[in-house]
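The values are calculated or read from the model by the stated rules, or taken from the named source; none is laboratory data. This one's a predicted model, so the numbers in the text were calculated from it and none came from an experiment. Ideal geometry is used to build each Cβ from the backbone, glycine not excepted, and the neighbour counts take in all protein chains shown. Side chains included, ligands, DNA and RNA excluded: accessible areas come from the protein's heavy atoms. Shrake-Rupley method; radii C 1.70, N 1.55, O 1.52, S 1.80 Å.
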Amino acid sequence: MMPDERARVVAGVDAGTECVKAVIVGAGGRVEGRAVAPTRGYFQACVYEVLSAALDDAQRTESDLAGIGATGFAMGCVPGATLTATDAACHAAGAYHLIGQRMTLVNIGGRDPHLIAVALDGRRADARNVRRCAAGVGSFLMFTARHLDVLPTRLQELASVADKPAAVSSYCSVFSSTAILERLREGASREEIALGAMHSIAERIVELGGFEDPVYACGGVVEYFPGVVRALQTLLEREVRTVPDPIFTGALGAALKAMELAT
Amino acid sequence: MTGPALSSTATLRETMGSYYRSLGDADTAPVAWCSSVGPAELLRALGYRVFFPENHAAMLGAARTANRVMPIAHAQGYSQDICSYLTSDIGAYLAGETPLKAYGLTSVPRADVLVFNTNQCRDVRDWFEWYGRQWDVPVIGVRSPRSIDTVTDDDVEGVARQIEALVPTLEAVSGARLDGARLAQVVAISRECSHLWGACLGTAAARPAPFTFFDGTIQMGPAVVLRGMEEACAYYRSLLAELEERVRTRVAAVRGESLRLYWDGMPLWGRLRALATNFAEFGTAVVASTYCNSWIFPDLDADDPIRSMARASLNLFIARSEEPKEQYIERMVRQFDVDGIVFHDCRTCPNNSNTRYAMPQRLSKRLGIPSLVLDGDVNDLRCYSDEQGRTNIEGFVEQLADTRASRRGA
C-alpha cells in the first residue's frame, strides 16, 4: 500500500456527556477502528484515550490522520480538530451514510434525546430536542441502576423479563428518580422499574411529535438499552429500526464531514 | 377517617348522567361549547345544548386518562407547560377517547359554535380555536379585563357590550331569535342555583363540617354544567336538606375532626381520593375552598340579565387582583374558622395558582395562621409527588397542632 493512500483516514470524535466515542474512517467511509470510554471531567484526557484506542483498533497512528471531526457536548475540547459540527448534523450524516434514505432519526444520547428529520440528501432538515426538564436521560438511567443496586448494563437484562412497566414519571428526570424509590417502596419489582425507566424515556421522545416513516434510532442509550427503542415502538405504534453501531453514529458523521473537508 | 358517604350522591349521578346523555341527542338542537364561566345563560336562552369542555377535562383527570393522552397534544406542539385541561382534552379527542362513552356518546359533542370568556385565562380561547379549525365552526367570546382591583361600571359596560355582540352570531347559528323574557328566566334559575349551591357550601361552617372540599368538587357538577336549568336547583335543594340534617345530627365528613383547612387553587383530579384520605387520617377537614365557591354568582339579576352576567364574570375571584383575592380568602377563613390554608401551586394553571407572588406569606402574616404550598397539577400527575405531598401534609398538620396549642397557651 502506498503511504499517501494509507494517509487517507480521518477520525471522528463524539464527546458526549456520558461517553466519548471515536471512529477511524477510511476510503469510501469504511469504519476501520472504533473506541468508547466513559466521560470524566477531564475531557481532553478522555479524547486522547479513545482516539488512541480507535487508532490502535484500526492499526493506524496519529500521523495517518488527514483530519479530525468533532461533535457532541465537549466538541470544543477535542485537540487538533479540523472541523466541529453539531450533534444533529453529524448524527444525520452518520445515519444517512449507513441507511441511505430520508428518515426520522431519534438520537438518544446521555443528555437530551432529539428528533432529526434527515432529508433525501442526508442533511438535517429539522431537529427538535426534548424539554429541558426531560433531558439528562443518561444520568437518569445511572440513578435508576443505583436505586436498583445493579450495574447500569444490567438494566436491559432486567427490563427484558418484566411483565409490565412500573409507572415512572416522564416530566422531569429528578422527579422520575424519586418516583422510582416510591414504586420500590410500594413493592414494584426491579424488572418492572427497569422497564418503567425505559418507558419514561420513550414517553419524553413521543411528546416531540412529527414522526414520519421510516423511523430509526441511534445514540448511546440505544446501544446499551435497546428496551428504550422497544418502548418507543410500543408507544408510537410504528416500527423503529436501529442504526448499525448506534453509539458511533455521531462520531461517524463527524468523521465523514472531516473527510469532506480534507478532500 | 372519612365519614359516611352522602346519600344524595346517587341522585347526583342520575342528574349528571341525564345531562351527559342529552348531549348525545345533539341532532335535535345546536351545540355550543362554553368555557366554565362563559355566558351559559345566553346560550341556554337561545336553545343550545351547552357543553363545558373543562368539565370533560376534569373527568379525564379524575379517571387518570389524562396522562395517557396528553402526549398526543404535546406532539402537536401544545407545550407541557400550558393548561393540562387543554392538552388532556385535545389529546383525548385525537386518541378517540372520552369518558362520555359511558353515557352513549362516541366522542365529545361536535360544536356548532364555541364561546369563551378569557376572564379566567387565554388558554380557553386557544383550546376552542383548535376545535374551531378542526370543525370549521365559529369561535366567539368575551375578552375580559383581568387582575381587577375594583369592578367599575365601565368594566361592566365593556363586557356587557361584548356579550351583546355575541348575539347575532349565536342567533344565526341556532336559527332562533333571542327572547328577553326567556333570558331573564334562565338568569333567574341560574341565580337560584348559585344561591342553593352557596348555601350547601355554607353548611361546612358548622363543626364538625358535614362535607369537605373533596366532596364539593364532585357535588359542584350541576352548578357547572346545568347552570340555568331547573334540574340543578332541584338537586341542590335535596343536597342542602341532607347537609342541614347532617349539621343538626352532627354527622362529620371527617371523623374526629380536630383541624380545619381552607383550600386555594385547583383540585388535583387524579388524586382527590388520596388527598381526602391523607387529610382525614390526620383528623383534618378541608372545609372550604376558592374553587368550589367560584360557581356562586350573587350578581346575577333577572331584571338586568346581560349586565348582571357581565358583572358576575368580572367579580369572579380568578379575575381579580391580589388585594381583593386576599380580602376574599380572609372572609372565608373567618367564616369557616379554619386553622390553616393549603395553596395548590398548579403547574400548568398559573392563573389559578396564588402562590407565585407571595400571597401565602402575606396571608399567613395577616391572619396569623400557617399556610402550606402543595406543588402539583390539575391533570398532569407527573407534576405531583405522592410522597412529597404526604410528607408536606403530615408536617403541616403537626405545625398546625403546635400553633393551636401555643395560641391556647397564650
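See the values below:
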{"item": "Complete set of residues in region A:181-212 that are in contact with a Pro (Cβ under 7 Å, 6 or more places away or on another chain) and either at the interface with another protein chain (Cβ under 8 Å from one of its Cβ atoms) or not β-branched (V, I, T) (or both)", "result": "A:E192, A:L195, A:G196, A:H199, A:E203, A:R204, A:V206, A:E207"}
{"item": "Residue within region A:114-132 that is closer than 18 Å to A:G210 by Cα, in contact with a strand residue (DSSP E or B) (Cβ under 7 Å, 6 or more places away or on another chain) and part of a helix (DSSP H, G or I) present", "result": "no"}
{"item": "Residue ID - farthest from B:D215 (Cα to Cα), chosen from residues in region B:248-270 that are surrounded by fewer than 20 Cβ atoms within 10 Å (Cβ to Cβ) and among the charged types (D, E, K, R)", "result": "B:R248"}
{"item": "Unique residue being over 11 Å from the mean Cα position of the chain (by Cα), open to solvent by less than 70 Å² (accessible area, probe 1.4 Å), over 30 Å from A:G80 (Cα atoms) and not β-branched (V, I, T) when the list is A:A254, A:A262, A:A231, A:A258", "result": "A:A231"}
{"item": "Qualifying residue in region A:218-241 (condition: in contact (Cβ under 8 Å) with a residue 40 or more places away in the chain, of a type outside the set (F, W, Y), within 14 Å of chain B (Cβ to nearest Cβ) and in contact with a Gly (Cβ under 6 Å, 6 or more places away or on another chain))", "result": "no"}
{"item": "Complete set of residues in region A:97-112 that are more than 12 Å from A:I205 (Cα to Cα) and free of Cβ contacts under 8 Å to residues at least 60 places away in the same chain", "result": "A:G100, A:R102"}
{"item": "Filtered residue count, region A:101-112, keeping only those that are open to solvent by less than 40 Å² (accessible area, probe 1.4 Å) and away from chain B (no Cβ under 14 Å)", "result": "7"}
{"item": "Flag if A:T61 is under 12 Å from A:K257 (Cβ atoms), in the same structural domain as A:A255 (by TED's automatic domain parsing) and of a type outside the set (F, W, Y)", "result": "no"}
{"item": "Answer residue from region A:150-174, given it is closer than 17 Å to A:V137 by Cα and open to solvent by 90 Å² or more (accessible area, probe 1.4 Å) and is nearest to the other protein chains (Cβ to nearest Cβ) among those", "result": "A:V174"}
{"item": "B:L170 farther than 30 Å from B:S7 by Cβ, buried (at least 21 other Cβ atoms within 10 Å of the Cβ), of a type outside the set (V, I, T) and modelled with pLDDT of 95 or more", "result": "yes"}
{"item": "Residue match in region B:323-342 (condition: in contact with a Gly (Cβ under 7 Å, 6 or more places away or on another chain) and either assigned by TED's automatic domain parsing to the domain that holds B:R44 or open to solvent by 20 Å² or more (accessible area, probe 1.4 Å) (or both))", "result": "no"}
{"item": "Odd one out for A:E203, checked against (1) in contact (Cβ under 8 Å) with a residue 40 or more places away in the chain; (2) within 18 Å of B:A66 (Cβ to Cβ); (3) among the charged types (D, E, K, R)", "result": "(1)"}
{"item": "Residues within region B:80-112 that are farther than 18 Å from B:M266 by Cβ, within 14 Å of chain A (Cβ to nearest Cβ) and open to solvent by 10 Å² or more (accessible area, probe 1.4 Å), tallied", "result": "3"}
{"item": "Test result for B:R182, part of a helix (DSSP H, G or I) and at pLDDT below 95", "result": "no"}
{"item": "Number of the condition not met by B:E245 [criteria: (1) in a helix (DSSP H, G or I); (2) open to solvent by 50 Å² or more (accessible area, probe 1.4 Å); (3) touching a residue at least 24 places away in the same chain (Cβ under 8 Å)]", "result": "(3)"}
